[in-house]
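The values are calculated or read from the model by the stated rules, or taken from the named source; none is laboratory data. Since we're looking at a predicted model, the values are computed, not measured. Here Cβ is always computed from backbone atoms with ideal geometry, including for glycine, and neighbour counts include all displayed protein chains. Each accessible area value is taken on the protein alone, full model and side chains, heavy atoms only, with ligands, DNA and RNA left out. Shrake-Rupley method; radii C 1.70, N 1.55, O 1.52, S 1.80 Å.
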Amino acid sequence: GVAKETATDVLRDALAELRRSVDEEPTSIRHHLFYLSVANRARVAIADAPRDAARLLEGAIALSPTRPQVYFELGQADLLDGNITQGLARYRQGLALSFSVLESHVDVATAYVLAGRPDEALNEFRVIQEELKRTVPQDQYVRVIRAAERTGQWPVVIRLYDDLLALYPPTADHYAKLAAAHARAGDTAKARQAAERALKLDPGIQADFDQFIKTLDDQP
């Protein structure tokens with residue numbers, strides 16, 4: 001509900017203060033990381049926000065060359081700037097420094113999704129399950145699912161919701177979103193089936209279910 005102009009002004013002020021912190025304590029890698037982290041997220045309102053922050057962090061890598069987050073933030077800045085090859089290389093650098101950390105694999109999976117490389121993204125989940133012998137938490141699944149939804153990669157959304165529903169107690173919300181993904185992928189039969197499971201779990205969504213089925217039936 002915040003006007004874009006207001007949000008942009010607030011972000012510009014925040015970035016100016018974060019840059020001031022970097023200038024005042026240039027040997028603090030934390031300031032560099034926080035600056036680029038906010039700049040990467042501010043790009044939705046300020047297109048060139050990550051560039052200056054990324055340049056400064058690149059010059060400060062020697063302050064903490066084994067810190068994975070340095071490479072993840074730089075990789076995100078590269079991806080946002082359209083430098084896919086370099087961005088993914090940065091993510092892989094970060095992953096090499098934190099291979100046993102589950103969240104690092106999820107970060108890399110998200111990067112692969114945003115880069116349009118779904119097979120590599122799904123492979124990170126395989127690595128977590130088969131090599132790290134870990135179960136991906138629900139919120140980490142949702143992180144990657146959201147990235148796949150934003151980029152219209154419905155087969156990835158479907159695969160991850162299928163895995164999520166197999167691992168955890170099913171919810172009406174997850175089945176409803178799976179139904180929507182199947183519909184976007186053009187599979188009306190599976191969309192209907194998932195919607196029916198959502199309704200069974202939560203009869204209170206009857207009106208939404210009816211509208212969804214009507215939308216399916218109205219498709220050519």
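What to note about this one:
- Relative to the longest principal axis of the Cα atoms of the chain, helix 154-167 runs at roughly 80 degrees.
- Projected onto their three principal axes, the Cα atoms of the chain cover extents of 60, 46, 29 Å, largest first.
- Counting only DSSP H runs of at least 4 residues, each contributing -39500 (n - 2.57), and dividing by the residue count of the chain, the helix-based mean residue ellipticity at 222 nm comes to -23500 deg cm²/dmol.
- Counted charge near residue 198, where neighbours are those whose Cβ lies closer than 10 Å (Asp, Glu -1; Lys, Arg +1): -1
- In the stretch 16-145, Rg over Rh equals 0.99, where Rg is the alpha-carbon radius of gyration and Rh the Kirkwood radius from pairwise Cα distances.
- Helix 102-114 vs. the chain, principal-axis angle (Cα, 0 to 90°, nearest 10): 80
- The Cα-based radius of gyration and maximum Cα-Cα distance (Dmax) for the stretch 173-213 are 8.9, 26 Å.
- Reach of residue 214 by Cα under 24 Å, taken over lysines that are not fewer than 8 positions away in the same chain: 177, 190, 200
- In the context of the full set of protein chains, the chain has a per residue accessible area of 54 Å² (1.4 Å probe).
- Using θ = phi - 60° and Karplus 6.51 cos²θ - 1.76 cosθ + 1.60, couplings along the stretch 204-214 (whole Hz; Gly, Pro as x): x, 9, 3, 4, 5, 4, 4, 5, 5, 5, 4
- Solvent-accessible area of the chain (1.4 angstrom probe, protein heavy atoms only): carbon and sulfur portion equals 51 percent.
- Neighbour net charge for residue 23 - beta-carbon separation under 13 angstrom, K R +1, D E -1: -2
- Charge sum, other residues only, whose C-beta stays under 15 Å from residue 86's C-beta, Lys/Arg counted +1 and Asp/Glu -1: +1
- 0 to 90° range, to nearest 10: angle between helix 4-24 axis and the chain longest Cα axis: 40
- Pairwise FRET efficiency - residue 187 versus residue 151, Cβ, R0 = 22 Å, nearest 0.05: 0.70
- Each residue was assigned an accessible area with a 1.4 Å probe, and for residue 120 the value is about 60 Å².
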